[in-house]
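Please read the structure below before turning to the comments.
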Amino acid sequence: MKRFAPVLAIVALSGCTVPLKNYDRYSGDGTFTSHPASSALCQDGYTIDLGPIALDKPDYLHRNLQGLPHVESILGVAIASETANPKSSALVTMTLRDETGHIVLSLQDRLSDWTRLYADDDPQHAFIYQPGRLIDVGVAPGVDHVQRFPIGEDDSWGTYFTPRTPAHYTLDFTVDEPDAASADLDVRLQVRRALNPCR
């Protein structure tokens with residue numbers, strides 16, 4: 001019987017205490033909103049709203065991201081509807097490039113295959129994103145360690161990445177195959193701080 005080594009969240013002290021409450025270095029597109037931590041044991045969060053995107057017809061957004069905080073972040077779409085459990089099966093392509101034109105991450109998927117995160121007691125709103133792949137790596141006889149694989153530029157993994165400050169990124173989001181059933185959804189492209197257990 002295999003055992004799994006505990007995965008320890010080892011984070012540098014500077015990464016745990018990145019203050020975002022009064023963060024003012026973001027100068028890219030969209031609206032930056034900070035989310036102060038609920039206690040000293042938690043981490044500040046943030047959301048950048050990059051504007052609406054239609055999923056029921058071909059659509060495209062190009063956005064500039066500059067001055068992002070140096071914390072693990074997630075690209076995704078926030079969706080809302082008048083009914084519970086909003087979802088879409090639109091086929092989309094998301095590509096993030098750095099200031100040199102190198103691709104940090106690029107993927108084409110149906111949103112129905114992405115992970116949906118629902119707010120507490122609010123099943124009408126969801127954030128849809130894509131974690132990368134996890135693999136088991138043997139660290140001792142009968143003991144595996146679960147880790148992310150592969151890891152790309154700027155620690156990209158699925159739609160996760162850790163921005164370099166003050167790097168300049170461009171984000172392209174294309175709706176390749178619309179989903180007519182998504183016509184009533186309110187959909188917005190967003191960047192958020194990676195999830196943490198305090199929020």
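The values are calculated or read from the model by the stated rules, or taken from the named source; none is laboratory data. Everything numeric here is computed off the predicted structure, so don't read it as measured data. Backbone-built Cβ (ideal geometry, glycine too); neighbour counts: all protein chains shown.
Going by the conditions given, is Ala183 modelled with pLDDT under 95, over 19 Å from Leu75 (Cβ atoms) and aliphatic (A, V, I, L, M)?
On the way: modelled with pLDDT under 95: no; over 19 Å from Leu75 (Cβ atoms): yes; aliphatic (A, V, I, L, M): yes.
It is false that Ala183 is modelled with pLDDT under 95, over 19 Å from Leu75 (Cβ atoms) and aliphatic (A, V, I, L, M).
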Please go through segment 24-50 and pick out each residue that is among the small types (Gly, Ala, Ser), surrounded by 13 or more Cβ atoms within 10 Å (Cβ to Cβ) and in contact (Cβ under 8 Å) with a residue 24 or more places away in the chain. Ser27, Gly28, Gly30, Ala37, Gly45
Every listed condition ((1) within 23 Å of Thr47 (Cα to Cα); (2) over 19 Å from the mean Cα position of the chain (by Cα)) holds for Asp172 save (2)
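Filter segment 119-129 for residues that are of a type outside the set (S, T, N, Q), surrounded by fewer than 18 Cβ atoms within 10 Å (Cβ to Cβ) and out of contact with any His (no Cβ under 7 Å at 6 or more places or on another chain); which is modelled with the lowest pLDDT? Walk me through it before giving the result.
If we filter segment 119-129 for residues that are of a type outside the set (S, T, N, Q), which is where we start, we get 119-123, 125-129.
Filter once more, keeping what is surrounded by fewer than 18 Cβ atoms within 10 Å (Cβ to Cβ): 119-123, 125.
If we keep only those that are out of contact with any His (no Cβ under 7 Å at 6 or more places or on another chain) too, we end up with 120-123, 125.
Details: Asp120: 76, Asp121: 81, Asp122: 89, Pro123: 91, His125: 94.
Within segment 119-129, the match that is modelled with the lowest pLDDT is Asp120.
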Regarding segment 142-150, can at least one residue be identified that is touching a strand residue (DSSP E or B) at 6+ places or on another chain (Cβ under 6 Å) and under 26 Å from Asp49 (Cα atoms)? no
Can you find, within segment 63-117, the residue that is surrounded by the fewest Cβ atoms within 10 Å (Cβ to Cβ) among those that are touching a His at 6+ places or on another chain (Cβ under 8 Å) and more than 20 Å from Arg164 (Cβ to Cβ)? Ala80
Just to verify a result, which residue in segment 31-50, among those that are out of contact with any Ser or Thr (no Cβ under 9 Å at 6 or more places or on another chain) and of a type outside the set (A, V, I, L, M, F, W, C), is farthest from Val92 (Cα to Cα)? Ser39
